[in-house]
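Report on the structure given below.
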Amino acid sequence: MQTLNIIGCGRVGKTLAHLWHARQVVQIQDVLTTSPASAAQATAFIGAGHAVHKLSQMRPADLWMVAVPDRQIAASAGAMAQALAGLAPAMAFHCSGALDSSTLAPLHECGWQVASAHCILSFASPATAVQQFAGTPCGIEGETAASARLQPVFAAIGARCFALEADKKVLYHAAAVFATNFLPVLQSVAEDLWRDSGVPPELLPQLRAALLRNAVDNLLALGPAGALTGPAARGDTDLVNRQAQAVAQWNATAGNAYRALSELASRLARAAPADSPASPLKP
Ligand SMILES: NC(=O)c1ccc[n+]([C@@H]2O[C@H](COP(=O)([O-])OP(=O)(O)OC[C@H]3O[C@@H](n4cnc5c(N)ncnc54)[C@H](OP(=O)(O)O)[C@@H]3O)[C@@H](O)[C@H]2O)c1
C-alpha cells in the first residue's frame, strides 16, 4: 500500500485521510499542522497516523498531501523542498480549487511529481463531510503521470474524478463562487432592499425561505434557463431600466450589479427554448 504524509490537516485533510484509512487505500503516515495539539487531534479523527511537530521529523512517503490554506501552499512547498532535500523525490499534491500545481514548483524543481486535486464539496465539518463525500466531483490537474497516479486514490473513496487544465483553474473556481458564494450576497441585498422599502422585518425569514425554496426547486426541476423569471427574462426593458436607476440611487454598487445581472438574465432568456417560461417569446 502507498504511504501518505500530510502537511496541513484541517477540514479537507481530516476528511480525506479518514476515508483513505477507512477504505485502506493508502497508509496514513506522518501528520504535520501548526501545533502538536491540532496534529494529535487530526490523527485521532483519522484513526491513524503519527503527529509530528516539524518537517524534518517526517519519514519518506510515496504521497504528500499539502492541505494547508491556499495562501500557505507556496510557502509550505518551499519549506518542504528545503527540509526534505535529503529524501528521494516523491509526489506532492495540494487541494486548492483556484491554484494549479505550479504552486508546488519548489518541489518540482527538486524532481518531485506535482499535481492538485480539488473536491467540489463544502467541507464545513469533517464528521459530516465523510458522510457526504461519495460521488463528489474532483478536478485533478498536474503532470500526466502525477494525475494518473492520483486519480485512483481519489476514485477509491468515491470521488468522481475529471481532468482540469492548469490555465482554466481560476475560471473553474470562479464558477463555484457564482454557484454558491454569491447566493448569500444576493439574498443580503434583497433583504436590505425589502427592509428599506417598508416590508415588516418579521416577514423577512418567511420571504427568504419561500423564495429560496421555490427558486431551488425550479432550478433543480427545470435547469437555469427554464427556471428564469423576472423583467429581464420577459424582455421588459422599461422596467429593468427604472429598477436599475432606483437601485443605483439606493446603492451605486448594487445598481451596477442589478444592470450586469439583468444583462446576463436577458442573454439566458434569449438562449432559452421558445416554450420555456424564461423565453421572451412565451406569451
Ligand atoms: N473547506 C472547503 O470546503 C474546501 C473545499 C475544497 C478545497 N479546499 C482546499 O483545501 C485546502 C485546505 O482547506 P481547509 O478548508 O481544509 O483548511 P483548514 O480547515 O483551515 O485547515 C488547514 C490546515 O493547515 C494547517 N496549517 C496552516 N498553515 C500551516 C503551515 N504553515 N504548516 C503546516 N500546517 C499548516 C492548519 O493547522 P491547525 O490545524 O493547527 O490550524 C490546518 O490543519 C485549501 O487549499 C482549500 O482551498 C477547501
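Inclusion of Leu261 among residues that are open to solvent by less than 90 Å² (accessible area, probe 1.4 Å) and touching a helix residue (DSSP H, G or I) at 6+ places or on another chain (Cβ under 6 Å) is not warranted. Only one of the numbered conditions (1) out of contact with any Phe, Trp or Tyr (no Cβ under 8 Å at 6 or more places or on another chain); (2) under 22 Å from Gly158 (Cα atoms) is not met by Thr34, and that is (2).
Against the condition of a type in the set (Phe, Trp, Tyr), out of contact with any Gly (no Cβ under 8 Å at 6 or more places or on another chain) and open to solvent by less than 50 Å² (accessible area, probe 1.4 Å), how does Phe123 come out, does it pass? Answer is yes for this residue. Being in contact with a strand residue (DSSP E or B) (Cβ under 7 Å, 6 or more places away or on another chain) and under 19 Å from Ala159 (Cα atoms) holds for only one residue in Val26, Val52, and it is Val26. Filtering the range 132-152 to residues that are open to solvent by less than 30 Å² (accessible area, probe 1.4 Å) and hydroxyl-bearing (Ser, Thr, Tyr) leaves Thr136, Ser147. In the range 2-110, which strands (runs of 3 or more DSSP E) lie fully inside it and hold 3 or more residues that are touching a residue at least 60 places away in the same chain (Cβ under 8 Å)? Filter on the range 2-110 gives 3-7, 63-66. I'd like the full set of residues that are over 21 Å from Ala265 (Cα atoms) and free of Cβ contacts under 8 Å to residues at least 12 places away in the same chain, limited to the range 193-227. Across the range 193-227, the qualifying residues are Arg195, Ser197, Gly198, Val199, Pro200, Pro201, Glu202, Leu203, Pro205, Gln206, Ala209, Ala210. Among the residues making up the range 30-62, those that are closer than 16 Å to His18 by Cβ, within 8 Å of the ligand (Cβ to nearest atom) and either hydrophobic (A, V, I, L, M, F, W, C) or open to solvent by 70 Å² or more (accessible area, probe 1.4 Å) (or both) are Ala39, Gln41, Ala42. Only residues that are of a type in the set (S, T, N, Q) and under 24 Å from the mean Cα position of the chain (by Cα) were counted across the range 207-244, and they come to 1. When Asp62, Asp70, Asp100 are screened for being more than 22 Å from Ala148 (Cβ to Cβ) and acidic (Asp, Glu), only Asp70 passes. If only residues of the range 1-29 that are more than 11 Å from the ligand (Cβ to nearest atom) and among the β-branched types (Val, Ile, Thr) are counted, the one that is farthest from the chain's Cα centre (by Cα) is Thr3.
Yes or no, residue by residue, for (1) exposed (fewer than 14 other Cβ atoms within 10 Å of the Cβ); (2) not polar (S, T, N, Q):
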site: Phe154; (1), (2): no, yes
site: Lys169; (1), (2): no, yes
site: Thr180; (1), (2): yes, no
site: Pro184; (1), (2): yes, yes
site: Gln187; (1), (2): no, no
site: Pro205; (1), (2): yes, yes
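The values are calculated or read from the model by the stated rules, or taken from the named source; none is laboratory data. Remember, predicted model here, so these are calculated numbers, not experimental data. Every residue, glycine among them, receives a Cβ derived from its backbone with ideal geometry; neighbour counts consider all protein chains shown. Calculation scope for accessible area: heavy atoms of the full protein, side chains included, ligands and nucleic acids excluded. Shrake-Rupley method; radii C 1.70, N 1.55, O 1.52, S 1.80 Å.
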